[in-house]
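What follows is a short report on a single structure.
The values are calculated or read from the model by the stated rules, or taken from the named source; none is laboratory data. Just so it is clear, the model here is predicted, and its values are computed rather than measured. Reconstructed Cβ throughout: ideal geometry from the backbone, glycine too, with neighbour counts over all protein chains shown.
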Amino acid sequence: MTEKKEKKEVKKTVAKKSTSTSNKTTKIASSKVKKAVGKKTETKAVKVRQQDSIVVGKKSDVLVKVEKDKKSIKDKKVENKTDIIRATGRRKTSIAKVACGRKDSDISINVNDLDYKKYFTKLIHQQTVYSPFALLGIKTGYVVNAEVFGGGKTGQADALKLGLSKCLSLLSEEFNSVLKKNSFLTRDARQVEPKKYGLKKARKKEQCAKR
């Protein structure tokens, strides 16, 4: 009986030693794994931070450049607005696209790449085109380029007059008030009445034969 008890006690001690050693080995292995994982995560975090810093720097540089470009474009637009003023005038079926700008010289009005006196041969049409400047008493300092199409010469002259007066009204409030009082900014809506069926024109009829 004593021998059996001794054998059991030896087996228990051996089992305890084996479990303790296995626990120690598992603890050491887990600690090593944790350390390795921690180092990897730290290195990844450092790399990500470095990449983020680089990307942010690049983005900031790009944003600064874009903002500078936007500012330059805005400045150019403002300069163009102050230099040249554009407007359109209409009368009957004719349309005039007018561009007016300031210049240290006598007034020059070009219509379809020609001087307005050469394009409009009649004196009445010349006077109607020049009438906004005559009303305001301006003799120098403006250049006008106009593109006119559609209708006849009278309609084109009136359309150019309206477009030019619109351009001048945008330059200053004084010009606007004077032109508005003299009805230079109102569009003349009168047009030819269309022909009616069974008649020669809008109102004209055939002569009635009595006998």
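Against the test of being under 14 Å from Arg90 (Cα atoms), assigned by TED's automatic domain parsing to the domain that holds Ala96 and basic (Lys, Arg), the options Lys161, Lys118, Lys122, Lys139 yield a single qualifying residue, Lys161.
Across the range 142-158, the qualifying residues are those that are surrounded by 18 or more Cβ atoms within 10 Å (Cβ to Cβ) and β-branched (Val, Ile, Thr), and the one among them that is farthest from Thr88 (Cα to Cα) is Val144. All told, Val98 falls short of being β-branched (Val, Ile, Thr), part of a helix (DSSP H, G or I) and in contact with a helix residue (DSSP H, G or I) (Cβ under 7 Å, 6 or more places away or on another chain). For Arg187, work out the one condition from (1) in the same structural domain as Asp104 (by TED's automatic domain parsing); (2) loosely packed, with under 14 Cβ neighbours inside 10 Å it doesn't fulfil. With respect to (1) in the same structural domain as Asp104 (by TED's automatic domain parsing); (2) loosely packed, with under 14 Cβ neighbours inside 10 Å, Arg187 is out only on (1).
Of the residues making up the range 122-161, those that are farther than 14 Å from Ala96 by Cα and of a type in the set (Ser, Thr, Tyr) number 4.
Restricting attention to the range 154-165, does a residue exist that is assigned to a loop (DSSP other than H, G, I, E, B), touching a Leu at 6+ places or on another chain (Cβ under 7 Å) and touching a residue at least 12 places away in the same chain (Cβ under 8 Å)? Taking every residue of the range 154-165 in turn, none turns out to be assigned to a loop (DSSP other than H, G, I, E, B), touching a Leu at 6+ places or on another chain (Cβ under 7 Å) and touching a residue at least 12 places away in the same chain (Cβ under 8 Å).
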